[in-house]
Every structure is written in C-alpha cells, then in structure tokens.
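The values are calculated or read from the model by the stated rules, or taken from the named source; none is laboratory data. None of these values were measured; they are calculated from a predicted model. Cβ atoms come from the backbone with ideal geometry, glycine included; neighbour counts cover every protein chain shown.
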Protein chains: 2
Amino acid sequence: MNLFDTHRPLLDAALHAARTRGHWTPFPEMPSPAVYGETAQADGEAAVAALFGRDYPLAQPGETGRVAPERSPYGVKLDIRYPECEPQALVAAALAAEPGWQAMGPKGRVGLLLEALLRIHRRSHELARAAMLTTGQGALMAFQSAGPHAQDRALEAIAYAWKAMDDVPAEALWDKPQGKHPSLVMRKQFEIVGRGVALVIGCATFPTWNTYPGLFAALATGNPAIVKPHPQSVLPAALTVSVLREVLAEQGLDPNVVTLAVSERPEVTQALATHPAVASIDFTGGNAFGRWLLEHARQARVYAEMAGVNTVVVESTDQYAAMLQNLAFSLCLYSGQMCTTTQNLLVPREGIRTDEGHKSFEQFGQDLAAAVNKLATNPKIASSVLGAIVSRDVWHRVDAAQGVGRTLLASRPLPHPEFPEAQARTPVIVALDQADAAIYRMECFGPISYVVAVDSAQAAAQLAEDMIREHGALTLGVYSTDEAFIGRMEGMGRRARVALSVNLTQGVYVNQAAAFSDYHGSGGNPAANASYTTLAFVADRFVVVQRRRHV
Amino acid sequence: MNLFDTHRPLLDAALHAARTRGHWTPFPEMPSPAVYGETAQADGEAAVAALFGRDYPLAQPGETGRVAPERSPYGVKLDIRYPECEPQALVAAALAAEPGWQAMGPKGRVGLLLEALLRIHRRSHELARAAMLTTGQGALMAFQSAGPHAQDRALEAIAYAWKAMDDVPAEALWDKPQGKHPSLVMRKQFEIVGRGVALVIGCATFPTWNTYPGLFAALATGNPAIVKPHPQSVLPAALTVSVLREVLAEQGLDPNVVTLAVSERPEVTQALATHPAVASIDFTGGNAFGRWLLEHARQARVYAEMAGVNTVVVESTDQYAAMLQNLAFSLCLYSGQMCTTTQNLLVPREGIRTDEGHKSFEQFGQDLAAAVNKLATNPKIASSVLGAIVSRDVWHRVDAAQGVGRTLLASRPLPHPEFPEAQARTPVIVALDQADAAIYRMECFGPISYVVAVDSAQAAAQLAEDMIREHGALTLGVYSTDEAFIGRMEGMGRRARVALSVNLTQGVYVNQAAAFSDYHGSGGNPAANASYTTLAFVADRFVVVQRRRHV
C-alpha cells in the first residue's frame, strides 16, 4: 500500500475535524509514558544531549562552514554546529529537486508528508527538549507546543492543501453540442504546479508551531522548501528537516526538496528572500523584518505573522476570582513571550461590577498583580509556567518597562530549580492612563502588561478598535456580564477583524488556539496577513496548468 | 422562498460543473430568438440607442459633473453622460454600505447576486449592443463575450466564492475531555468578513467578461465594490452596476454596495487604488498601469491580468489545411484584440512536415497569410469576425508593424457594410527571424502577428519557455504529430506555468477559454497573477473572524 492510502484515514479524519471544528487531535498533548513510551522522555533528552558540541549531521550543497548560533535561555551550553550554506546553492538545489517533487503529484506528496509527520510525532520528546532548551519554554509547554500542537498545525495545513488541490480534477472530457453537427470533444488535463521555491522563516519562540503550517502547506502544494530557522532556535527545525530528508531519500527523491539555511547574517536571509526563484515566503517574527520582506521580496507572496497589540477589555464579571486566575495564567505562560499574549488590559477608571462587589481600578490592578505574583512565586509551578527569557532584548525591555507608569508588580529574578544559569524573571505589570497612548499602543514583547485606566467601557472598546486597526492584534478578550456590551465588542471584532474570546474563566486562555478548531490570526489586521489555517493560506501556493486537445 | 433557496439549483449545477469541468452553461451562447425572445435583439438595440446623448440614469454620492468618454470604434456617436464622482465620496459610501452587506451573510449575498445575474442575463442583447459599440467587437462575438460567456464567468466566480465560504462552518461546539474532570466546552462562532472595499478596474476590450469575475467574487465574499470601467467602454459596466443597485434597493439594502467610478483622469483611478480602505483591486489592462498598481497600491491585494507574449509552436501537422484555418480564425477574431490572441508563431526555418508534404518556412508564411486574407476579404463574415479597431493606439501599432521585418500580409482598411465610419482594417503578418528578439519578445497588442523562423523545433520550445517566463503568456499552442515533442512542450508549459492547447484544428481556438472548464490564465507567469477561476481567486477576499465562549 502506498503512503497516501496508508495514511488516508488520518487525512480524512483531519478534513472532517477542520470542517466541523470541534475538539480533535491524533497527537495526545500529555506526555504520558503510557502513550509515548516509558523511556521516551529520557531518550529524547539523551538524543538532544548527544548533539551538544558536535557537528549536526546534515550534508547539504554549498556548505561554507559550520555555525553554532544557539544560546540557551536555560544557560545550557549547546554548541551544536550546523552547516552554513551559500544561498544560491540552496536555491539551485531546490530548483533541481523541484521536478521530481512535482512529479509525485498531490497524493504522492501528501502521503509522504503524512509519513514524515508521524515520524516527527514519534520524536516528540526530542523536539520538546530541543525547543525547551532553545526557546526557554517550560518542559510541558515545550512538549505541547513543539510536539503535538505543532504536529496538529502541520496536519491541518496538509489537510487544507489537499482539500484545495483535490478541488481540481486531474482531467475532464469536454463535449460541446454543435446542433446538427458532431459535438466538439476535447480531453483536458489539469495539473497542480507549485509556484516555485518556498522560503520558511522561523521565529525564536515557537520554532516548530509557527514553522510547520507554512512548511507543510508549501511542500504539499508542490514547492521545494528552504527552512530558515531563527538563529536562536535552530535545532527543532533541523530535526524536522532531517526527518523530511530521510523520508524523501527513502522514497527515492532528492532530499533537497527540503533544506536548512542557518545563518546569523541578515544579508543571507535577505538574499534568499529576494531571490527571483523564491515564490513564497512564510515569516513569523518582528514587524521590522516583516515589513522589510513585504517591501523588498516583491517577487514572492509573503505570508507574514508579525506583532500586534493584544488587548483584553474588562467591563464587568460574575466570576471575579476565576477571571483573575485566568488572566494571571495567561500573562505568566512562557513569560508572556507568545505572539498571542495580552499586553493591554483596558479597565474603566471608575472600576467594574463583579460578583464580589464593585472593584475600583486600583483594586483590580492590585488583585491582578497579586494573582500573577502568587503564580510566579509558587515554587511548584512558577518555573515550569514562566520558563526563561528568550533573549537579552526581552530582558532589557522588562527593565525599561519598570521605568514607565506606576509599577503594580515589579519583576524579579526567578532562580530555576534545575538550571542555575537560567535567564528567568517574573512578569512586570504597569498601571497606565488612557492618555499614555504613546506607551501602550506600541507592542512590547515579553512579560510586560499594562493595566490602562480608560474613561469608560465604551471608550475601551473604541480604543481597542483603533489600536487593532492601526497596529493589529492576534487576540482580543472581553469580560462582561452585559450581553449588549459583548455584542458591541463582537461588532468591533468584526470591524477590526480579530478573534474575540468572551469571559474566559476556565482552562482555556486567550493566548491559546487549538488546531482544527480555532483559526490562529484572522489575516485581516496588521498583525498578520494570513491565518492558520484557511483555504487562503494554501490555495495560492500552486497554480493549475491545463492542457487540452481534441479527442 | 428567499433568493438563495430560489437559485440554489443553479448554484449547485455551477458547483458541479466547476468540479467536473465538462461543457456546461445555463446561458445559451447563440442569440436565438426562440431562446432570448423574438424582439430581444431589437429591444436591446433600442434600449441602448435611447441612452445616446443623454445623462445616464445613475445617482451616486459625490457627483461633481458628467462625462461622456466613450468613442465608438464603429463611428457611432454615443455621447452618454455618466456621473463623475469624488473618489473619497465613493469610498465613504462603500464603507457606509459595508455593514448591511456584511450582515446579509454568505447565503443572503449569493442569493442576491444570482438574482441580479439572471436579470443581467435577460438583458444580454442590451449588454451585447453596448459592448459592440464601445469595444468594436462584431455583433455575435459581442453578444457572446459580453452576454452569456461573461455571465458564465460571473456564475463561476459566485460558485467558487460560495465554495470557499461554505468551507467555514457558522459555529461549532468544542468539547475537550479533561480526564476525570468535566470537559472544557466552548461554543465557537465563525463569521465570514470581507477584507474591505473592492476596486474593479475594467479594460477597453472586454468590459464585462474581464470585470465580472473580480466583481462578483468580491461582492459574494462580503466586500462593497467600486467598478472603474475603462473610459472607452463604460456602458456595459454601467448597465451591470444599475442592475445590481436595483436589486440591492429592492432588497432594502444600500445600493452603494456597488458604485460606478467613471473618469478619464488617471489621478482619479490612482486615488481610488491607493485609498487605505481599498483592500482588493481587480485589474485587467496593460502592463504599465498593472505594474504601477502592484508598486503603489500596497495596501491592497491586487489581482492583475496584464499582457503577455502568446505563442504557437508549429513543429508538424497531419491536418495542414485545418491548422491554417484554425490559426487564421484565431488571428482574425476581433482583430487580434484579445489578451489571449497568438502573437508569435515559431516555425523551424527548415520548414515542417505536413499531410500535404514538406512545407518550407516561406510556404507556411504564405499559406497562413492567404488563409487570413481569405477570411478578411470574405464579405459575408469579414466584418463580423474582425470587428473594428478599439483605439488609435492599436491603429498606429498596425502601421508601425508594417515597417518591421518582411510583411507577409499587409493591412488594409476594411469598409463596414453597416457603419461607414467604422475604424476597421485587416490584420498584418510579418516574417521575422529568431535574431529579431527585440521585436517579437515585446507584446504588440492588436491584429499583428509575427511568423518567426527559428533554428529548430527544440529551439522554438526553448525560446517560448524563456519568453513566457520573462514576459508571461495567457495562451500557448503547439502543432505536432510527434508525441515526444508534445511531451516536451507539456513539460515546458508546466515550467512556464502556462496553459497548452495541442493541435487545435476544429471549432476551438487557442484564444478561447470556456468557463467551468478552462482556467483562464494560470496566475503563475508574468501575464497574470490570478486565474479565472480557482479557489485562490476567491479565498483571500475574506477572513474568518471567530468568537468563543464557555458553554
């Protein structure tokens, strides 16, 4: 049985899940030994440790030397040396591999990618450890985000790519009546052809979750792909590329259908991004480089997820304690280093109605700070929830944030029980006024939140709309017991084209999006021009080349 | 019964046709009185004549005056005066109309658009006359291209838009097990939201066929649309906009969901195209303005169909006479003023094998010229096939073409039996050599063809590939009895991402593309970045805005 037929049930289940959008996953998110194997975690950790201080086993064209750019936020010395390759050599290798990949057809490619994905899944603990050590995520979060959750997004992308390609029949008989004369009859063939070389540029914080959708969508639709990971977090991408190349080689294909481009030099990425043969770019990262790509990589279709100003509007609640707990966890998770983490909490300056009575703006700020502090000082979970700080930039930003506004909660170093050299610290919360727009309208990535006193709930809604239309957002939350106000926020979410989470008080957080159910980003505001995953994310990655002739 | 349910059978039939891609249309292409009504043609002509010399009945916001930019290639004095409106006023009106249009939802919009399309269909003769008089097309061609064939493309666009929107469920229940704890349960709603104001810029030659796909795709997916017709051919667009506004008003909607922007001043189009609220632009026209749009209208997604260098490679044939007849008709149809008309015929300089023996390059050129001349001098059909010359630019280009290379067939004025002042002339055919790349590699829109002597059939294939990759093409043809050579051309079509027609010798021409079966343009070479119609043409015109809350 070929790989497509083998994995067809998985594909069909994914298609059904994406169509109905209930909860579904074939990749269990809990790293249970019963599911993943008794020794899986230790094996994964050992496999990663075995790479420390060595040349990463990857032979690619155009290698000019080895580089080891990763610096672990946990202070672990990695020194894994990756090949640095000439951009032109990687593009040439991709172009050489393209015809064979193209000739596989949709079924061949989808089958092969599903096989590779299942192998990636079996190495979830290895990917988790690689992601944890390079991003600073806590162990459980790294497992979920770099393992099963990323695999979900990959499967989702493959499923959408298949759906879009399957919409095009391979051939048709066209039979046009001509009155009394014989019909005109033509045989037409329709071929799915990828647009060209795909470049997939990863970010430092979610090296697989944010890379897989574009990578698997591009590959499935017939494009060879060059994966350019963030220098801070190469290993998860490298392991992924290795598995793909292994399966490609096994199937008799040129492994250069997928290559890894490691470099710390921006000019290398720029050379790749502006290469005439590069037809699509998937980018996750900061606004500055995102805008550079949109400005300069004009030959390519750019799918960009950048930064936004994520906002929660607090109007009222009938579950004050649960709301605070939900918000606190959301702010603490991976030290706020998610593109979806709330930055601004807009609260009426006269305070809010709650099930515990009226709470003043001041009281809300103190209570939120207390809830965050409680979590961040809980020795059992603080380190695993907060993880470590991914870069010095974020570290300095926390310092700077303590100098603006009125500090509701100061950041302090967080000693890590396992990694003494971990760069970890607790979140900072700052109180601001509506007049401080110059501060809170700018994205400030990291464990930094602003509680902003606004004139009214209406003013909060208007302010959020203005900010999101101008600067974008991936998430928006509202707490309110007033259905009319929620309705107003829904209208605002529609106009600003941003997803809205209403009254989250249980184990779902505004910064989390579940594959097959939640669309990640709308693609309709400045934070991102594409969404995980819609037909729009896949349908323009290929064209239909037709042939016709008389029968 | 609402409009969606009323027209659901038509939608379903269109979806089936687009999925299977056999011959299908609900809009008969022959203007038979039995189908369209005994007096339909006369009524249509009278309706158009009644508009001559008058203010076109259209009341829109921001009107600053009236303009009558159309000059009929048939020499008919039209002087229909259209409102010229402030660009800002049109955009403001579109934004004001957007929420109501949005609130209709996919079913409401699709139902309304299908109703409008059927009313447009019933006015096919009026649209045909309007298109004929403004574009210079012959009567039958104008009927087909501006009437049923354009309506086919509109229906196709609506069907694809529906398919893409229907892929998103309106809501879902998300129920995630939590082991021994109660499930996490959320209700999620998914709303289709258009990206914003759509601008649809028409061309002078196919004012409905090239306008309808973008217009109906944009509208169906929830975007208000501003139609900017070419000043040369306003009336077909105006009639279309009038019907849409009439149906909108009947349904209690703001008619400014669709407005008409008429102006001869490029700065007006530029102001519309670069307006921050304009989120998509559909453009058909020349490369210069197309590239300007791609360069300057950066806030919008631009779907552009521009010019290319359409090519036929003649390697050999077993139906020499039928091939010549097919080519001749293809070159003559609407005086070569189709974006799909062949410009370059690449022929080996040592000649070709045919069922009538070996034909030298010289002989082929003479025979093709004779076939074209026979058609262009046939008093019964010449005028109706050739039509008239749309503009002075094209006229001058024909003059200029007679000064390059060796003229195989000279152009001469073609008196029109019905319109004494028609600007009509017969096609010019010029023999060139492979070395004359500076001439034949440039697009030369109009009744101008180059028969190019190339070193070999292989050289022809390579030359065509290079040209199409650099300058683009909407069509490519090959004549060959050698399946190996056809296979090589197929590979070339795949690499250059261009549709290939093989050995056309019957009543199908390389410049014709049938809706629901032929994709028009691949969207994968420089001639066009989108195709009529694929999911890629519709899927990115809207975003999904989601809401979730606990149940």
Index of the failed condition, A:A322 passing every other in (1) crowded, with 17+ Cβ neighbours inside 10 Å; (2) within 14 Å of another protein chain (Cβ to nearest Cβ); (3) hydrophobic (A, V, I, L, M, F, W, C): (1)
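So which of B:L133, B:L140, B:L127, B:L155 ends up being more than 14 Å from chain A (Cβ to nearest Cβ), outside any strand (DSSP E or B), touching a Pro at 6+ places or on another chain (Cβ under 9 Å) and surrounded by fewer than 24 Cβ atoms within 10 Å (Cβ to Cβ)? Walk me through it before giving the result.
Values: B:L133 fails: surrounded by fewer than 24 Cβ atoms within 10 Å (Cβ to Cβ); B:L127 fails: surrounded by fewer than 24 Cβ atoms within 10 Å (Cβ to Cβ); B:L155 fails: surrounded by fewer than 24 Cβ atoms within 10 Å (Cβ to Cβ).
From the options B:L133, B:L140, B:L127, B:L155, the qualifying one is B:L140.
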Among the residues of the range B:388-415 satisfying the criterion of being closer than 27 Å to B:V76 by Cβ and assigned to a loop (DSSP other than H, G, I, E, B), which is nearest to the chain's Cα centre (by Cα)? B:V390
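For the range A:59-71, state whether one or more residues are without any contact (Cβ under 8 Å) to a residue 60 or more places away in the chain and either within 14 Å of another protein chain (Cβ to nearest Cβ) or part of a helix (DSSP H, G or I) (or both). If you could, list the steps in order and put the result at the bottom.
Taking the range A:59-71 first, the residues without any contact (Cβ under 8 Å) to a residue 60 or more places away in the chain are A:59, A:62-66, A:68.
Retained after the next criterion (residues that are either within 14 Å of another protein chain (Cβ to nearest Cβ) or part of a helix (DSSP H, G or I) (or both)): none.
Looking for residues that are without any contact (Cβ under 8 Å) to a residue 60 or more places away in the chain and either within 14 Å of another protein chain (Cβ to nearest Cβ) or part of a helix (DSSP H, G or I) (or both), one finds none in the range A:59-71, hence no.
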Across (1) in a loop (DSSP other than H, G, I, E, B); (2) crowded, with 17+ Cβ neighbours inside 10 Å, B:Y82 clears everything bar (1)
Subset of the range B:418-469 (residues that are modelled with pLDDT of 95 or more, surrounded by fewer than 22 Cβ atoms within 10 Å (Cβ to Cβ) and of a type in the set (F, W, Y)): B:F419
Residue pairs meeting the criteria (Cβ under 6 Å; at least 6 apart or on separate chains; first within 7 Å of chain B (Cβ to nearest Cβ), in the range A:495-509; second charged (D, E, K, R) and outside any loop (DSSP other than H, G, I, E, B)): A:L500/B:R547; A:S501/B:R548; A:V502/B:R549; A:N503/B:R549
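For the range B:170-181, how many residues are more than 9 Å from chain A (Cβ to nearest Cβ) and over 16 Å from A:Y519 (Cα atoms)? Give the steps one after another, and end with the answer.
Taking the range B:170-181 and keeping what is more than 9 Å from chain A (Cβ to nearest Cβ), we get B:170, B:180.
Cutting the leftovers down to over 16 Å from A:Y519 (Cα atoms) gives us B:180.
Counting residues in the range B:170-181 that are more than 9 Å from chain A (Cβ to nearest Cβ) and over 16 Å from A:Y519 (Cα atoms) gives 1.
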On the basis of being surrounded by fewer than 23 Cβ atoms within 10 Å (Cβ to Cβ), within 18 Å of B:G222 (Cα to Cα), touching a helix residue (DSSP H, G or I) at 6+ places or on another chain (Cβ under 7 Å) and among the aliphatic types (A, V, I, L, M), does B:A249 make the cut? yes
What do you reckon, is B:A464 at the interface with another protein chain (Cβ under 9 Å from one of its Cβ atoms), under 24 Å from the mean Cα position of the chain (by Cα), more than 25 Å from B:I389 (Cβ to Cβ) and hydrophobic (A, V, I, L, M, F, W, C)? no
Does B:G472 satisfy the condition of being more than 11 Å from chain A (Cβ to nearest Cβ) and either under 27 Å from the mean Cα position of the chain (by Cα) or surrounded by fewer than 23 Cβ atoms within 10 Å (Cβ to Cβ) (or both)? yes
So B:Y160 clears everything in (1) away from chain A (no Cβ under 14 Å); (2) in a helix (DSSP H, G or I) except one condition, right? Which one? (1)
Test A:A328 against the stated conditions and say whether it is buried (at least 23 other Cβ atoms within 10 Å of the Cβ), among the small types (G, A, S) and assigned to a loop (DSSP other than H, G, I, E, B). no
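Results for (1) surrounded by 14 or more Cβ atoms within 10 Å (Cβ to Cβ); (2) basic (K, R); (3) without any contact (Cβ under 8 Å) to a residue 40 or more places away in the chain; (4) touching a His at 6+ places or on another chain (Cβ under 7 Å), shown as yes or no for each residue.
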{"residue": "A:D355", "(1), (2), (3), (4)": "no, no, yes, no"}
{"residue": "A:F361", "(1), (2), (3), (4)": "yes, no, no, no"}
{"residue": "A:A369", "(1), (2), (3), (4)": "yes, no, no, no"}
{"residue": "A:V390", "(1), (2), (3), (4)": "yes, no, no, no"}
{"residue": "A:V394", "(1), (2), (3), (4)": "yes, no, no, no"}
{"residue": "A:R397", "(1), (2), (3), (4)": "yes, yes, no, no"}
{"residue": "A:Q402", "(1), (2), (3), (4)": "yes, no, yes, no"}
{"residue": "A:S411", "(1), (2), (3), (4)": "yes, no, yes, no"}
Run down A:V243, A:V278, A:V262 and say which single residue is in contact with a strand residue (DSSP E or B) (Cβ under 7 Å, 6 or more places away or on another chain), in the same structural domain as A:R66 (by TED's automatic domain parsing) and over 18 Å from A:G194 (Cβ atoms). A:V262
The lone condition B:G491 fails out of (1) in contact (Cβ under 8 Å) with a residue 40 or more places away in the chain; (2) at the interface with another protein chain (Cβ under 10 Å from one of its Cβ atoms) is (1)
Scanning the range A:187-196 residue by residue, the ones that are at the interface with chain B (Cβ under 8 Å from one of its Cβ atoms) and either part of a strand (DSSP E or B) or within 16 Å of the chain's Cα centre (by Cα) (or both) total 4
Given the options B:L199, B:L184, B:L173, name the one that is touching a Lys or Arg at 6+ places or on another chain (Cβ under 8 Å), outside any helix (DSSP H, G or I) and crowded, with 24+ Cβ neighbours inside 10 Å. B:L199
Mind checking whether some residue in the range B:474-488 is touching a Leu at 6+ places or on another chain (Cβ under 8 Å), within 20 Å of B:I352 (Cα to Cα), in contact (Cβ under 8 Å) with a residue 24 or more places away in the chain and small (G, A, S)? yes
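Just to be sure before I move on: is B:A515 within 9 Å of another protein chain (Cβ to nearest Cβ) and crowded, with 24+ Cβ neighbours inside 10 Å in the structure I sent? Quick ask: steps written out before the conclusion?
Working: within 9 Å of another protein chain (Cβ to nearest Cβ): no; crowded, with 24+ Cβ neighbours inside 10 Å: yes.
Considered against the rule, which asks whether it is within 9 Å of another protein chain (Cβ to nearest Cβ) and crowded, with 24+ Cβ neighbours inside 10 Å, B:A515 comes out as no.
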Those residues of the range B:534-551 which are surrounded by 24 or more Cβ atoms within 10 Å (Cβ to Cβ) and more than 7 Å from every other protein chain (Cβ to nearest Cβ) amount to B:F537, B:V538, B:R541, B:F542
Can we say B:I226 is under 20 Å from the mean Cα position of the chain (by Cα) and closer than 21 Å to B:G65 by Cα? yes
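Residue under question is A:E29, and the condition is that it be in contact (Cβ under 8 Å) with a residue 40 or more places away in the chain, closer than 23 Å to A:F516 by Cβ and assigned to a loop (DSSP other than H, G, I, E, B); does it hold?
Values: in contact (Cβ under 8 Å) with a residue 40 or more places away in the chain: yes; closer than 23 Å to A:F516 by Cβ: yes; assigned to a loop (DSSP other than H, G, I, E, B): yes.
Yes; evaluated as a whole, the condition is true for this residue.
Condition check ((1) assigned to a strand (DSSP E or B); (2) more than 34 Å from the chain's Cα centre (by Cα); (3) not assigned by TED's automatic domain parsing to the domain that holds B:I439) across all residues:
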residue: B:L345; (1), (2), (3): yes, no, no
residue: B:E350; (1), (2), (3): no, yes, no
residue: B:E362; (1), (2), (3): no, yes, no
residue: B:D367; (1), (2), (3): no, no, no
